[in-house]
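Quick notes on the structure that follows.
The values are calculated or read from the model by the stated rules, or taken from the named source; none is laboratory data. What you see is a predicted model, and the numbers here were worked out from it, not measured in a lab. Backbone-built Cβ (ideal geometry, glycine too); neighbour counts: all protein chains shown. These accessible areas exclude ligands, DNA and RNA; they are computed on the full protein's heavy atoms, side chains included. Shrake-Rupley method; radii C 1.70, N 1.55, O 1.52, S 1.80 Å.
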Amino acid sequence: TMRPVRILCVCGSGTATSAMLAAKLQDVLEEHGYQLDSDETNPPGVPIAMMTNDWDLIAFTSPIEDDPGIPMLNATGFLVGINEDEFIEQLMDEVGKLDLSE
């Protein structure tokens, strides 16, 4: 069995936008046969979130100041429907590199 892909969604407010983003990510991942484990936060909340879970990726719509040490994907276009394919390609590329064995 595979564990879920763990993605931290980061937006300015840490609520509405990132919740929408998480829903869109879940749809894409499920289409490709993956499960999503996500949480939402704002940029200042990233360091704390990094301590509380072993995230695989960050999808952001607001800039993150400090490098969290994991791949970060700019999801602004994906969220509003611009260059979605490009984002999905990047996302699946990163997911493909992960060891998802339980």
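Side notes on the structure shown:
- Pairs are defined by a Cβ separation below 7 Å, a sequence spacing of at least 6 or placement on different chains, a first member in segment 51-72 that is among the hydrophobic types (A, V, I, L, M, F, W, C), and a second member that is open to solvent by 40 Å² or more (accessible area, probe 1.4 Å) and assigned to a strand (DSSP E or B); the pairs so defined are TRP55/ARG6; ILE58/MET72; PHE60/MET72; PHE60/ASN74; ILE64/MET72.
- Residues of segment 28-49 classified as surrounded by 19 or more Cβ atoms within 10 Å (Cβ to Cβ), in a strand (DSSP E or B) and not hydroxyl-bearing (Ser, Thr, Tyr), total: 1
- Check on ALA22, in contact with a strand residue (DSSP E or B) (Cβ under 6 Å, 6 or more places away or on another chain) and not in a strand (DSSP E or B): yes
- Filter result for GLY77 (open to solvent by 30 Å² or more (accessible area, probe 1.4 Å) and small (Gly, Ala, Ser)): no
- Close pairs (8 angstrom Cβ cut-off, 6 or more residues apart or separate chains): under 20 Å from SER62 (Cα atoms) in segment 19-37, part of a helix (DSSP H, G or I) anywhere: MET20/LEU79; LEU21/PHE78; LEU21/LEU79; LYS24/PHE78; LYS24/LEU79; LEU25/LEU91
- Residues of segment 80-102 classified as without any contact (Cβ under 8 Å) to a residue 60 or more places away in the chain, of a type outside the set (D, E, K, R) and outside any helix (DSSP H, G or I), total: 3
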